[in-house]
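Accompanying notes for the structure given below.
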Amino acid sequence: MGARGPIPQPDNVRALRGNPGGRPAPQRVTAAPSVPDIPSWLDDEGQAEWARVVPQLDALGVLAKVDRAVLSAYCAAWSKFVAAEQLLQGDDLVAERRAGNGPAKNPAWQIWREAATTVAALARDLFLTPSARLRSVKPEAADDQEDDILD
């Protein structure tokens, strides 16, 4: 389930409109922007996903060293998702039970579904979805970077 309520106003919009309600502005916890080191234990698919998303997240200014664990979990879950998807593409969607009790769902579906759920949840946390980016405040970028950050 997504976040409740309207999309929060960015700080600069709130400053321009003033504060007619007199409510205090939210206090945000921040960390110094920096790129975490890639874990050595990620497999090839996980490393490829890390290489794909980290430069874009760094350009957005949303990464910090403390994000290594959640970014690692995202890349590992992505790798499991890809492996399960490839297994399902090369195998039947229905598997025969050993006892001969008729067909059963391929066990790779459970792995696929859990990995897809994990990828989707962590993608929201890492601003990898359009709705997550709409709910965030974009850091100031150089004029030449603004249009091509997510190309």
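When residues of segment 40-98 are filtered for being modelled with pLDDT under 95, surrounded by 13 or more Cβ atoms within 10 Å (Cβ to Cβ) and outside any helix (DSSP H, G or I), how many remain?
Selection size over segment 40-98: 5.
Among (1) over 18 Å from A48 (Cβ atoms); (2) surrounded by 14 or more Cβ atoms within 10 Å (Cβ to Cβ); (3) modelled with pLDDT of 90 or more, which single condition is R113 missing?
(2)
The values are calculated or read from the model by the stated rules, or taken from the named source; none is laboratory data. Here the structure is a predicted model, which is why all the values come from computation and not from measurement. Because the Cβ atoms are built from the backbone with ideal geometry, glycine has one as well, and the counts that use them run over all protein chains shown.
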